[in-house]
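Undergrad: The structure follows.
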Amino acid sequence: MRGRWTAAVAGGLALLTAVTVSACSGAEGSAAEKAVEARDYVALGDSYAAGVGAGNYGDTECKQSKDGGYPQLWVKARAATPFGAVTDATCGGAVIDDVQFNQLTELDENTGWVTLTVGGNDAGWFSVLQQCIFGDGATCRTSVDKAATSFETTMPARLDTLYQAIRNRAPNAKVYVVGYPHLVADPGKGGVSCDSLTDAHRKALNAGADTLDELIKARVAAHQGFTFVDVREAFKGHEACTGEPWIHSVRDDFSESYHPTADGYQAYLRELVAVTG
């Protein structure tokens, strides 16, 4: 079973009933209409959305951070203007189909806010990382190029289908699609040893991240009510291979490798707040 948390936030109302009374000569009674006040929040996506790397996980399958991922941080940041119900459907390792067929059931007309990070696993990013960490520069470049070609040809239509499914299920929601950072410092700008990642590895990995982010950004722009949240600039100077990294390098728990640290998720929060208020 996928891990998730659901909370009712004090003062939040999922449904507002408005009654309109009209009176005219010879008419009696009143008419009542239900007006949806869409204030619920649903978090969707993969390990970057679940908070992998921040620690304090609520389960071993999806590895949702209880308090360190950007969805949890965003809920806390909105204490003055709370959401209605809050549901975290994120799961580490999720791909687009997982979101579409397993996570979207949490959406309905009362959903006013949705955040989503997904696509990295569809691009085979975990496998690419392994190839770059344990292979030479040529192997890394080939792996990145292969992944980029794959998601450039198949992901646009799949993302469009996902985004339309989100809109169909949550017609009143504002949707924030949150991207991925560069994982490592650009060549010549790190100054810190970073496992086996040479300048060639770093260049290839960051080029792959740019291809993925730009593809997602372009598809988001085609859907009304969707906003892309770009975090690449926020992480600049704090990638892995820097003196103060907000991205883990290789960890004993390999699933946390090349995921944001607690400080990294704070950077995610700042960028999300900048576009949502």
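Undergrad: What is the sum of charges around Q72, taking Lys and Arg as +1, Asp and Glu as -1, for the other residues whose C-beta is under 9 Å from the C-beta of Q72? Let's see the in-between values first.
TA: Values: positive: K66, K76; negative: D67, D88.
Taking every other residue near Q72 into account, the sum is 0.
Undergrad: Related question: Looking at the chain as a GNM with Cα springs under 10 Å, which of S257, S196, S65 has the largest mean-square fluctuation?
TA: S196
Undergrad: Next question, about the same structure. With the calculation restricted to Cα positions, what are the radius of gyration and Dmax of region 153-257 in angstrom?
TA: Gyration radius and largest Cα-Cα distance of region 153-257: 16.4, 48 Å.
Undergrad: How far apart, in nm, are the 7 Å Cα→Cβ label points at F134 and A207?
TA: 2.4 nm
Undergrad: Rounded, prolate or oblate: pick one for region 42-146, where a ≥ b ≥ c are the square roots of the eigenvalues of its C-alpha gyration tensor, a/c under 1.5 means rounded, and failing that, prolate if a/b is larger than b/c, else oblate. Intermediate values should be presented prior to the final figure.
TA: Values: a/c = 2.72, a/b = 1.98, b/c = 1.38.
Cα axes put region 42-146 in the prolate bin.
Undergrad: Determine which aspartates and glutamates satisfy two conditions relative to K146: a Cα distance under 18 Å, and not lying fewer than 8 residues away in the same chain.
TA: Filter leaves D122, D136, D210, D213, E214.
Undergrad: Taking the solvent-accessible surface of protein heavy atoms with a 1.4 Å probe, what is the per residue accessible area of the chain in Å²?
TA: It amounts to 45 Å² per residue over the chain.
Undergrad: Hey, what's the Cα Rg ratio for the chain versus the globular rule of thumb, 2.2 N^0.38 Å?
TA: That works out to 1.12 for the chain.
Undergrad: Take the Cα coordinates of region 230-277, assign each an equal point scatterer, and use the Debye formula without solvent to give log10 I(q)/I(0) at q = 0.16, 0.26 Å⁻¹.
TA: -0.44, -0.92
Undergrad: Counting residues in region 99-157 as N, plug N into 2.2 N^0.38 Å and put the Cα Rg over that result.
TA: Normalised Cα radius of gyration, region 99-157: 1.54.
Undergrad: Once neighbouring chains are kept in place and the probe is 1.4 Å, which whole percent of the accessible area of the chain is contributed by carbon and sulfur?
TA: 52 percent
Undergrad: Determine the calculated [θ] at 222 nm for the chain from helices alone, applying -39500 (n - 2.57) to every DSSP H run no shorter than 4 residues and normalising by the residue count; nearest 500 deg cm²/dmol.
TA: -11000 deg cm²/dmol
Undergrad: Quick check: pseudo-label points 7 Å beyond the Cα along Cα→Cβ at A157 and E61, how many nm apart are they?
TA: Output for this residue pair reads 3.1 nm.
Undergrad: Related question: For the chain, with the dipole built from +1 on Lys and Arg beta-carbon atoms and -1 on Asp and Glu ones, taken about the Cα centre, which of Y180, L162, G84 lies farthest toward the positive end?
TA: G84
Undergrad: Largest first, what is the accessible-area ranking of F235, F254, F101 with a 1.4 Å probe?
TA: F101, F254, F235
The values are calculated or read from the model by the stated rules, or taken from the named source; none is laboratory data. What you see is a predicted model; the values in this text were computed from it and never measured. With ideal geometry, Cβ positions are generated from the backbone for all residues, glycine too; neighbour counts draw on all protein chains shown. Protein only, heavy atoms only, side chains kept; ligands, DNA and RNA dropped before computing areas. Shrake-Rupley method; radii C 1.70, N 1.55, O 1.52, S 1.80 Å.
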